[in-house]
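Accompanying notes for the structure given below.
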Amino acid sequence: MTGTGEPWNAEEFTARLRAVPAGHYHDRHPFNVRMHEGALTPAELRRWIINRFHYQRHIPVKDALILAKLGEPALRRAWLRRIQDHDGVVEGEGGIERWLRLGEAAGIERSQLRSGAGVLPGVRLAVDGYVNFCRLRSPLEAVAASLTELAAPGIMRTRIDAFERHYRWIDAEGPAYFRDRIGQGGRDGAEALGLVVAWAGTRREQEAAVAALSFKCDVLWSLLDAVDRAGEER
C-alpha cells in the first residue's frame with residue numbers, strides 16, 4: 001500500500017519530483033527529437049504549431065482554475081502573474097499573442113489558429129484532460145502538475161537553437177515566445193516547487209504530487225503522439 005510510510009525529507013522529495021521530467025519529459029518524444037534535429041518538413045512544423053496553440057491557449061484557463069483554489073491573497077497575486085504572462089496585461093501582449101505571431105511567421109493565418117481548425121481529436125482530449133485535472137484535483141496536485149516548468153528552460157534553449165539553424169524560412173522574430181519562456185519557466189518552476197514541498201506534509205500527499213507531475217508529462221507526450229501519428233496517416 002502506498003502513502004503509509006514516513007514522509008520523505010525535503011531533499012528526497014525534491015529529487016523525486018525532479019526525476020519525473022528528467023526521465024519522461026516530452027523533449028525525448030520522437031517528434032520533438034526530429035524537430036530539434038531539423039528533420040521536420042514545413043507541413044509538419046505547421047501542424048505542430050496549430051495543435052500546440054490549442055494547448056497554449058488553455059494555459060491561462062487552467063491557471064485561473066488553480067487561482068480559484070488558492071486561499072491566500074499573496075498566493076493569488078503570484079499565480080495571477082502566470083495568467084498575465086500568457087494573456088498579457090493589455091491587448092497585443094503575452095505568450096498567446098507571441099504564439100500567434102509564431103504561426104504567422106510560419107505562414108499560418110492567426111484566424112486559423114484562433115478558429116481551432118486543424119486541431120486533432122487526440123490533442124483536444126489531452127488538453128481537456130489537463131484542464132479538468134486542474135479543475136477537479138486538490139491545489140497541491142494542480143500546482144504539482146505545473147512542475148514540468150522545471151524542464152522548460154532547457155527545451156526552450158534547444159528549440160531556439162533548432163529554429164535558428166534549421167528553420168530559417170521562419171522569420172527570426174517568430175520564436176520570441178521560446179526566448180521569453182526561458183526566464184518565466186525557471187521562475188515559475190522554482191516558485192511552484194517551493195509550494196509543493198511546503199504543502200505536502202504526508203507521504204500520501206507527496207506521492208500524489210509525484211503522480212500529478214507524471215500525469216502532466218503524459219499529457220504533453222500524448223499531445224505529441226497525436227501530432228506525430230497524424231503525419232503517418234497521410
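Among the protein heavy atoms, those of Ser115 account for about 80 Å² of accessible surface (1.4 Å probe, every chain in place).
Using a cutoff of 8 angstrom between alpha carbon atoms and counting only pairs six or more residues apart, the relative contact order for segment 79-234 works out to 32 percent. Computed on protein heavy atoms with a 1.4 Å probe, the accessible areas place Trp8, Trp48, Trp221 in the order Trp221, Trp8, Trp48, largest first.
In deg cm²/dmol, rounded to 500, what helix-only [θ] at 222 nm does the chain give when every DSSP H run of at least 4 residues adds -39500 (n - 2.57) and the total is split over its residues?
Details: 12 runs with 171 residues, N = 234.
One gets -23500 deg cm²/dmol as the mean residue ellipticity at 222 nm.
When Rg/Rh (Cα atoms, Kirkwood Rh) is computed from the coordinates, the matching label among (i) 0.95; (ii) 0.97; (iii) 1.10 is (ii).
Each residue was assigned an accessible area with a 1.4 Å probe, and for Lys62 the value is about 10 Å². To test your reading of the geometry: what angle, between 0 and 90 degrees and rounded to tens, separates the Cα axis of helix 42-56 from the longest principal axis of the chain? The angle comes out at about 40 degrees. Surface analysis of the chain yields an accessible area of 46 Å² per residue, using protein heavy atoms and a 1.4 Å probe. Ligands, DNA and RNA aside, Leu17 has an accessible area near 0 Å² when probed at 1.4 Å. With contacts taken as Cα pairs under 8 Å at a separation of at least 6 residues, segment 1-150 carries a relative contact order of 28 percent.
Percent of alpha carbon pairs in segment 2-44 separated by more than 15 Å? Within segment 2-44, distances greater than 15 Å cover 61 percent of Cα pairs. Here segment 143-234 has 48 percent of its accessible surface on carbon and sulfur atoms, given a 1.4 Å probe and all protein chains in place.
The values are calculated or read from the model by the stated rules, or taken from the named source; none is laboratory data. Small disclaimer: the values here were computed from a predicted structure and weren't measured. Note: accessible area is taken over every heavy atom of the protein model, side chains too, but ligands, DNA and RNA are not part of it. Shrake-Rupley method; radii C 1.70, N 1.55, O 1.52, S 1.80 Å.
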